[in-house]
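For reference, the structure discussed in these notes is given below.
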Amino acid sequence: MSQKHKRILNSILQQPVSGNLHWKDVESMLVHLGASIEPGHGARMRIVLNDVQGSLHRPHHSGVCNKHDIRHLRDYLIQAGLDEHALAS
C-alpha cells in the first residue's frame with residue numbers, strides 16, 4: 001500500500017474522527033484496496049470490498065467528507081476486515 005493510502009486509512013481509523021478527508025482521496029484508496037464502487041441513488045455509492053457490501057455517502061458540494069461520513073466509512077472498513085493492523089502490512 002502506498003504511503004498516501006496508508007495516511008488516508010490512518011486518518012479514517014484514528015480517534016478523534018478527522019473531518020478533513022477529500023472524497024476523491026477516499027475513493028482512490030478504496031479502489032487501490034480492491035473495492036468495487038458503483039453509483040447508487042443520489043449521492044449514495046455502493047461499495048463492495050472483501051465480499052462485504054456497503055453504502056457510502058459522497059459529499060455534495062465541497063468534496064470533503066464530514067465526520068459522520070468518516071465514522072460510517074470506518075465502521076464499514078472494519079467490517080470488511082481493515083483496521084489499524086492493516087497499516088502494519
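The values are calculated or read from the model by the stated rules, or taken from the named source; none is laboratory data. Everything numeric in this text was worked out from a predicted model, so none of it was measured. So basically every Cβ, Gly included, is an ideal-geometry build from the backbone, and we count neighbours across all protein chains shown. Remember, those area values only see protein heavy atoms, side chains included, never the ligands or the DNA or RNA. Shrake-Rupley method; radii C 1.70, N 1.55, O 1.52, S 1.80 Å.
Using only side-chain charges placed at the Cβ, +1 for Lys and Arg and -1 for Asp and Glu, the dipole size of the chain relative to its Cα centre rounds to 240 debye.
Ordering Ser62, Leu21, Met45 by the projection of their Cα atoms onto the charge dipole of the chain, which places +1 on the Cβ of Lys and Arg and -1 on the Cβ of Asp and Glu, puts Ser62 at the extreme positive end.
Nonpolar atom fraction for the chain, defined as the carbon and sulfur part of the 1.4 Å probe accessible area, stands at 49 percent.
Shape of the chain from its Cα gyration tensor (a ≥ b ≥ c, root eigenvalues): rounded if a/c is under 1.5, otherwise prolate when a/b > b/c, or oblate? Taking the square roots of the gyration eigenvalues as a ≥ b ≥ c, the chain is oblate.
Counting only C-alpha contacts under 8 Å and six or more residues apart, can you give the relative contact order of the chain as a whole percent? Write down the numbers at each step before the final one.
On the way: 105 pairs, mean separation 26.6, N = 89.
Relative contact order here is 30 percent.
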